[in-house]
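Below: one structure, written as structure tokens.
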Number of protein chains: 2
Amino acid sequence: MEEIPERLTERPSWLITQLAVHARKLVFDGFTSVGARGYHYRILAALHEYGPASQAELGRRCRIDRSDVVAAVNELVAQGFVDRTPDPDHGRRNKVTLTGAGARQLRRMDKVLDQVQDDLLGPLPAEDRQTLTRLLTHVLARHEPR
Amino acid sequence: MEEIPERLTERPSWLITQLAVHARKLVFDGFTSVGARGYHYRILAALHEYGPASQAELGRRCRIDRSDVVAAVNELVAQGFVDRTPDPDHGRRNKVTLTGAGARQLRRMDKVLDQVQDDLLGPLPAEDRQTLTRLLTHVLARHEPR
DNA sequence: TGGCTAGTGTTGGTCACACCAACATTGGCG
DNA sequence: CGCCAATGTTGGTGTGACCAACACTAGCCA
């Protein structure tokens, strides 16, 4: 009954940002159920895929600001999901390492995320789902040049 | 060179939320150049399309929380883009009305947004653009039931 | 060798957006 | 009439994305 202005609904920027709102809520709820949030997942994923890394590297790979990596790693350390040790070669640099518990947490979060995809895309046919993913990937790539 | 973990890039929820980050930045920059922000546009658009409304109505139509409508309308009043008068029929209710300056501001923001769509979707062929819009609309509709 | 520059970790802020709880007030309905 | 729903408002929370500044280190190059 309460209609949204057409100026909004017909613009891709509205569709994307509003759908992102719902996606973030689903992700947030899922991650909350395992005591985590988005930044944690990104960092655990990067550590699992590329191995131990400095905080600056993590920030670049995860698209997280250096300063925000500090806080997230602090929390992950407190939960025992990563270790932070000074890099012996590089004086100032830290080496962040995934722990066994961290890998298990990552698996839990993966399961949560898989469920989220289904909730998010709902009854979208597999073909449309693939098309959507392809188009989004293509557009996003043009905004992440380097 | 700095690769993003596949776990992220292959998931639609990541694609949508990350693309939304870029969309928000484009919209933010554009709106900033005319001294406004997202909430302002939504409210001006709703007033233009449906005429004067109460703040609660605006909130429902624009997907903005009641409490946030208060602040946004305050700002719009201060800029002279809307008028807020007590509803004569309804004691507690306010009637928010678009002014001439508000309508002009809305047109400015419309132009900004049109440019943003091009920047956002880049060189996506018209057909793909339409497909993307259709799919996004469809998925979003399932998350906005009523 | 000395000095500058780039990179690193850290602190401490800002902003938009979304959302929630509480409160006083008011209208309308049973 | 009395209760419930709706309204406007205040004040607070959380995430995610940034930015500026600082101290320190490494590496380069003149």
Worksheet item: For the protein assembly as shown, what D do you get in µm² per second when you plug the Kirkwood radius from alpha-carbon pairs into Stokes-Einstein at 20 °C and 1.002 mPa s?
Response: 101 µm²/s
Item to complete: Determine the distance separating the Cα centre of segment A:96-146 from the Cα centre of segment B:61-125; give it in Å without decimals.
Response: 34 Å
Item to complete: Kindly report, to the nearest 10 Å², the accessible surface of A:Arg60 as traced by a 1.4 Å probe over protein heavy atoms only.
Response: 120 Å²
Worksheet item: Can you give the accessible area buried between chains A and B, summed over both chains, with a 1.4 Å probe, in Å² to the nearest 100?
Response: 5900 Å²
Fill in: Which of B:Phe28, A:Phe81 is most accessible, then next, and so on - probe 1.4 Å
B:Phe28, A:Phe81
Response to the item:
For segment A:33-146, the accessible surface attributable to carbon and sulfur atoms (probe 1.4 angstrom, ligands and nucleic acids excluded) amounts in percent to 48 percent
Worksheet item: Projected onto the charge dipole of segment A:37-142 (+1 at Lys/Arg Cβ, -1 at Asp/Glu Cβ, origin at the Cα centre), which of A:Val77, A:Ala141, A:Tyr41 gives the Cα projection farthest towards the positive end?
Response: A:Val77
Worksheet, complete the sentence: Per-residue ellipticity at 222 nm attributable to helices in chain B (runs of n ≥ 4 DSSP H, -39500 (n - 2.57) apiece, nearest 500 deg cm²/dmol) works out to -21500 deg cm²/dmol
Item to complete: Counting only heavy atoms of the protein chains, get the accessible area per residue of segment A:5-146 (1.4 Å probe) and round it to a whole Å² value.
Response: 51 Å²
Worksheet item: Sorted from largest down, what three extents in whole angstroms do the Cα atoms of chain B have along their principal axes?
Response: 60, 33, 30
Response to the item:
Once all protein chains are kept in place, A:Lys95 shows an accessible area at probe 1.4 Å, nearest 10 Å², of 80 Å²
Item to complete: Place a +1 charge on the Cβ of each Lys and Arg in chain A and a -1 charge on the Cβ of each Asp and Glu, then give the dipole magnitude about the Cα centre in debye, rounded to the nearest 20.
Response: 620 debye
Worksheet, complete the sentence: Sorted by accessible surface (1.4 Å probe, heavy atoms of the protein chains only), largest first, A:His90, B:His40 come out as A:His90, B:His40
Worksheet, complete the sentence: Ignoring ligands and nucleic acids, B:Asp83 exposes an accessible area, probe 1.4 Å, in Å² to the nearest 10, of 80 Å²
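The values are calculated or read from the model by the stated rules, or taken from the named source; none is laboratory data. None of the values given here were measured: they were computed from a predicted structure. Positions of Cβ are backbone-derived with ideal geometry, glycine not excepted, and every protein chain shown enters the neighbour counts. When the accessible area is computed, the model is the full protein with side chains, heavy atoms only, and any ligands, DNA or RNA have been set aside. Shrake-Rupley method; radii C 1.70, N 1.55, O 1.52, S 1.80 Å.
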